[in-house]
Amino acid sequence: MPGGGERYDQWALEFLADYIVNQFHLYTKKMLPQLSETIETVAQVHGESHPETRAIAVLWPEVQGELAQHMQKEELLLFPYIKRLARVRAEGSMPPVPPFGSARDLVEAMEAEHDETGDALRKIAVLSNNYTPPEDACPTFQTLYALLREFDAATKKHIHLENNILFPKTIELEETIRSN
Ligand SMILES: [Fe+2]
Ligand SMILES: [Fe+2]
C-alpha cells in the first residue's frame with residue numbers, strides 16, 4: 001500500500017479511477033480467494049476451541065461475493081462513464097446518457113454496497129477481537145488475522161477514496177456538464 005502523502009483530491013478523476021483499480025481492486029481480487037481458503041482451514045482446525053472462526057467462515061462468503069460483484073460494476077459501468085465525462089469536458093462534446101440514468105444513481109447504489117461491506121467487516125473485527133489471535137493460535141491462525149487486519153485497512157481506504165473523493169467529484173462533474 002502507498003504512503004499517506006498523496007493529494008488524491010487534486011488528481012484528475014480518470015487517473016484516480018485507474019489508481020483505485022490498480023491499487024485496490026487488484027489487491028482485493030488477489031486476497032479474496034486466499035482469505036477464503038485460509039478462513040476455511042482455520043475454522044476446520046480451530047472451530048471447536050474457537051467458535052468465532054466458524055462465525056467468520058459463515059460471514060465471509062457474503063463479503064467475498066458482494067465485493068467481487070461490486071468491483072465489477074465499478075469497472076464495467078461507473079469508471080468507464082467517469083472517463084467519458086472527463087473526455088466530454090476536455091473536448092466539449094455531447095454529454096453521454098448512461099443506461100443507469102446518472103452517476104448520482106449509480107453512486108448511491110455503490111455507497112449502499114460499501115455500507116454492507118463495512119458492516120460485515122466490522123462484525124468480523126468484533127468476532128476476531130480486532131484481529132488479535134488467541135494465545136494458542138497456530139501460525140496459520142496468526143497469518144489469517146494479520147491478513148484480515150491488512151484487508152480491513154485496505155478496504156477502508158478503498159471505500160474512503162471512492163465515497164469521499166471519486167464519487168462526489170464525479171457527481172459534480174456530471175452536473176456541471178449537464179447544466180451547460
Ligand atoms: Fe472500488
Ligand atoms: Fe466501491
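Rule-based calculations on the coordinates, nothing more; no lab input. Not measured: the values here are computed from a predicted model. All Cβ positions, even for glycine, are placed from backbone atoms using ideal geometry, and neighbour counts span all protein chains on display.
Our analysis of the chain gives Rg over Rh at 1.07, with the two radii drawn from alpha carbon positions and Rh computed by the Kirkwood formula. Length available on full extension from LYS169 to MET94: 0.36 nm per residue minus the Cα-Cα distance, which gives 25.1 nm. The alpha-carbon atoms of region 1-83, seen along their principal axes, cover 51, 29, 16 angstrom, with the largest extent given first.
So how far apart, in nm, are the two label points at LYS83 and ARG122 if each is 7 Å from Cα heading toward Cβ? It is 3.5 nm. FRET efficiency for the GLN34 to TYR8 pair, using the beta carbon distance and R₀ = 45 Å, is estimated at 0.95. Take every Cα pair under 8 Å whose residues are at least 6 apart in sequence, average their separation, divide by the length of the chain, and the relative contact order is 34 percent. Entry note: region 43-88 has Rg to Rh equal to 1.41, where both radii use alpha-carbon atoms and Rh is the Kirkwood radius. How big is D for region 75-180, in µm² s⁻¹ as a whole number, if Stokes-Einstein is applied with the Kirkwood radius of its Cα pairs at 25 °C and 0.890 mPa s? Using the Kirkwood radius from Cα pairs, D works out to 151 µm²/s.
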